[in-house]
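Have a look at the structure below, then the notes.
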Amino acid sequence: MNVIEVKGLKKSYGQVHAVRGVDLSIPAGEIFALLGPNGAGKTTTVEILEGFRSRDAGQISILGFDPQTLGHAARQWRDRIGIVLQSAADAGDLTVVETVEHFRGYYSKPRNTDEVIAAVGLEGKTGALIRNLSGGQRRRLDVALGIIGSPELLFLDEPTTGFDPEARRAFWALIEQLRGDGTTILLTTHYLDEAEALADRVAVINNGLIVEVSTPAELGGRATSKALVSWRDGSQVKSEESDNPTSVVTRLTTQFGGEIPELSVTRPSLEDIYLKMIGGVHEQDS
Amino acid sequence: MNKIPSALNLGIRRGRLEIRQFARQRESVVFTLLFPVILLAIFGSVFKDTIAPGVTFSQYFVAGMIASGLVNTGFQALAITIPMERDVGGLKRLRGTPMPASSYFIGKAILIAVTMIIQIALLFGFGLLFFGVEMPTELSKWITFTWLVLLGSACSTALGIAFSIVPKSGRGASAVVSPIVIILQFFSGVFFVFTQLPTWMQQLAAIFPLKWLTQGMRSVFLPDSFAAQEVAKSWETGRTFLILIFWLVIGIFFSVRKFKWDRD
């Protein structure tokens, strides 16, 4: 059984159709990234899956439960789920360790407080008041609170916003570690390199619809798209698109009799593909 | 597999956490706890008369201060701070955990009850030492006092949580809540002798719990002879109990049904 199963999800706010029929199937242990511009229906979709919002139509099963009709099962369900929201700036008068320890008490099978604090790289800040943390440190605390209950399913909403490159790398390593524990992760992010580094599969959502679901390497026909070979010929920069870039390079090697000036062979990045996808389906601005 | 902790257990943990957070906000600790003492000092110095044989204004005012302390510390504080917690995303985060709403409410109730006990102790201390306030001697009055504080504190907590759905934002909450509390205090006979207020004011005040809390506290701190000067010529203790229970039920109902965890 899939951890997340969504069929025909719809949600409108008055005249605005935020989500217009979303389908998702995410098996256990997968890291799944949801990409999309602001206003695409990303946040609405995720918040419905998290049980924060109601829906207008569609079927949802999250860990075998419908978040809208949990009733008395709500606490058992939440015990198995971790949520890292976009921003929270509460509890400024508590220390890092007090906060993590307190949240630990909410769950039936929590992780170890010190291990979680170390995993998010806050071991030097355990006694610091939250209001004295930097933005990036605060974000790492958010993540710590999301994983303290050892969730089977983790929602991560823009987790590395405000991180410096080093902290992002450390965070990615943490996610890899969670993958190793078998945690299913639904990640929303603006950073395409992050999706590429972490996600097994990505979905692009735009105008309330899923445009495509694929692996990062294959999204938008990326794996089979033409490579761009460029080089300098005298004062001119020349380029050529090709399905067989190796033969182009071989030809150029002969032509130049050795080293080709300023040679580069590139394939479209995930970002190029993504921008093309969301640009191509923008029928209406929301 | 371990069990999820009970709602009561988590409520007590939340209560401890709320107290710890409150204790670290020094300015608000000092102000919250000493506010009734400051008011007693001001009013006790201005009004030196006795309002009835053997009843000083300070004595009358202590009853009003304890009653309105319950409203300030519970209703007013919660109706302002909960929207602030909501604004910064703290409530939404809590909602995403297995902690039930009832634990959050229990935590608030514990915070308010503990704050009230300290506030009353300070008021008694200063009242005895500097303003000649006399403490009741009969056990029955202390029994009345105890249930009034407990029920009043619970009622004020529940109504504060319920009213937290009204302010749209934390920034505007104070502007919505504070005038209501101040007007209610004037109408309910906290600052003035209740029976000297215009009848329409008395009747309006009689709908809300503060008037009854204040009257109940008068029954504790004023001699029984003063009961004849009340509107009903008696302390109406039974009716006070029922009206506070009624408002407690209203408060719990709206807190449970309508509590807002998120801004939108």
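FRET efficiency for the pair B:Ile207 and B:Ser140, taken as 1/(1 + (r/R0)^6) with r the Cβ-Cβ distance and R0 = 30 Å, rounds to 0.60. Put in line by how crowded their Cβ is, counting other Cβ atoms within 10 Å and starting with the fewest, A:Met1, B:Met84 read A:Met1, B:Met84. A Förster radius of 45 Å combined with the Cβ-Cβ distance from A:Gln255 to A:Asp181 puts the calculated FRET efficiency at roughly 0.25. By other beta-carbon atoms within 10 Å, ranking A:Asp157, A:Asp243 with the fewest at the front produces A:Asp243, A:Asp157. Once the chain from B:Asp264 to B:Phe186 is taken as fully extended at 0.36 nm per residue, the excess over their C-alpha distance is 24.6 nm. Placing unit charges on each Cβ (+1 for Lys and Arg, -1 for Asp and Glu) gives the protein assembly as shown a dipole about its Cα centre, and among A:Thr45, A:Gly14, A:Ala170 the Cα reaching farthest toward its positive end belongs to A:Gly14. Backbone geometry of the stretch A:230-240 corresponds, through the Karplus equation with coefficients 6.51, -1.76 and 1.60 at θ = phi - 60°, to 3J(HN,Hα) couplings of 10, 7, 9, 10, x, 8, 9, 8, 10, 8, 8 Hz, x marking Gly and Pro. At an R0 of 56 angstrom, the distance between the Cβ atoms of A:Ser25 and B:Phe47 translates into a FRET efficiency of 0.15.
What pairs in B:Lys3/B:Lys108; A:Lys125/B:Lys168; B:Lys108/B:Lys141 have C-alpha atoms more than 30 Å from each other?
A:Lys125/B:Lys168
For chain B, the Cα gyration tensor yields ellipsoid semi-axes of 34, 19, 18 Å (square root of five times each eigenvalue, largest first, whole Å). Pairing the Cα long axis of helix A:165-180 with the longest principal axis of chain A, what angle in degrees results, from 0 to 90 and rounded to the nearest 10? Value to nearest ten degrees: 70.
Legend: mean number of C-beta atoms from other chains within 10 angstrom of residue C-beta atoms, peptide B:94-106, equals 5. The mean number of Cβ atoms from other chains found within 10 Å of a Cβ in peptide B:10-19 is 2, as a whole number.
Under 17 Å from a label point set 7 Å out along the Cα-to-Cβ vector of B:Thr195, the amide N atoms of the stretch B:234-264 belong to B:234-237. How much of the calculated P(r) for the stretch A:40-149 lies past 16 Å, in percent of all Cα pairs? For the stretch A:40-149, the fraction of Cα-Cα distances above 16 Å is 63 percent. Within the listed set B:Gln196, B:Gln119, B:Gln215, the Gaussian network model of chain B (springs between alpha-carbon atoms below 10 Å) gives the highest mean-square fluctuation for B:Gln196.
Show me, bin by bin at 10 Å from 0, the whole-percent P(r) of the stretch A:225-280 based on Cα pairs. Reading the bins upward from 0: 22, 45, 23, 10, 1. Legend: mean number of C-beta atoms from other chains within 10 angstrom of residue C-beta atoms, peptide A:101-112, equals 4.
When each of the peptides B:178-190, B:27-39 is scored by the mean number of other C-beta atoms lying within 10 Å of its residues, the order from highest to lowest reads B:178-190, B:27-39. Which stretch or stretches of the stretch B:176-191 have amide N atoms under 15 Å from the point lying 7 Å from B:Phe31's Cα along the Cα→Cβ direction? The answer is B:176-179, whose backbone nitrogens lie closer than 15 Å to the label point. Take every pair of alpha-carbon atoms less than 8 Å apart whose residues are at least six positions apart; their mean separation over the length of chain B yields a relative contact order of 29 percent.
Report the residue, chosen from B:Leu129, B:Leu111, B:Leu40, that carries the largest GNM mean-square fluctuation when chain B is represented by alpha-carbon nodes joined by springs under 10 Å. Most flexible of the set in this elastic network: B:Leu129.
Placing a label point 7 Å from the Cα of B:Ile117 along the Cα-to-Cβ direction, the residues of the stretch B:155-172 whose backbone N falls under 19 Å from that point are B:155-158.
Adding -39500 (n - 2.57) for every DSSP H run of four residues or longer, then dividing by how many residues chain B holds, sets the calculated 222 nm ellipticity at -23500 deg cm²/dmol. For the options B:Ile165, B:Ile118, B:Ile82, a Gaussian network treatment of chain B with springs between C-alpha atoms closer than 10 Å singles out B:Ile118 as fluctuating the most.
Both radii were evaluated on the Cα set of the protein assembly as shown; the Rg over Rh quotient, with Rh as the Kirkwood radius, amounts to 1.14. What pairs from A:Lys7/A:Lys42; A:Lys11/B:Lys258; B:Lys211/B:Lys233; A:Lys226/A:Lys276; A:Lys11/A:Lys109 go past 25 Å between their alpha carbons? Beyond 25 Å: A:Lys11/A:Lys109. Going through the DSSP H helices of chain B, which span 27 Å or more along their own axis at the Cα atoms while scoring at least -0.5 as a mean Kyte-Doolittle hydropathy? Correct list, ordered by number: B:26-46, B:101-130, B:139-163, B:237-258.
Dividing the alpha-carbon radius of gyration of chain A by the rule-of-thumb value 2.2 N^0.38 Å gives 1.19.
For the peptides B:56-66, B:220-230, the ranking by packing is B:56-66, B:220-230, with the highest mean count of neighbouring Cβ atoms within 10 Å listed first.
Just so you know, all these numbers are worked out from the coordinates, no wet-lab data involved. Source: prediction; values computed, not measured. All Cβ positions, even for glycine, are placed from backbone atoms using ideal geometry, and neighbour counts span all protein chains on display.
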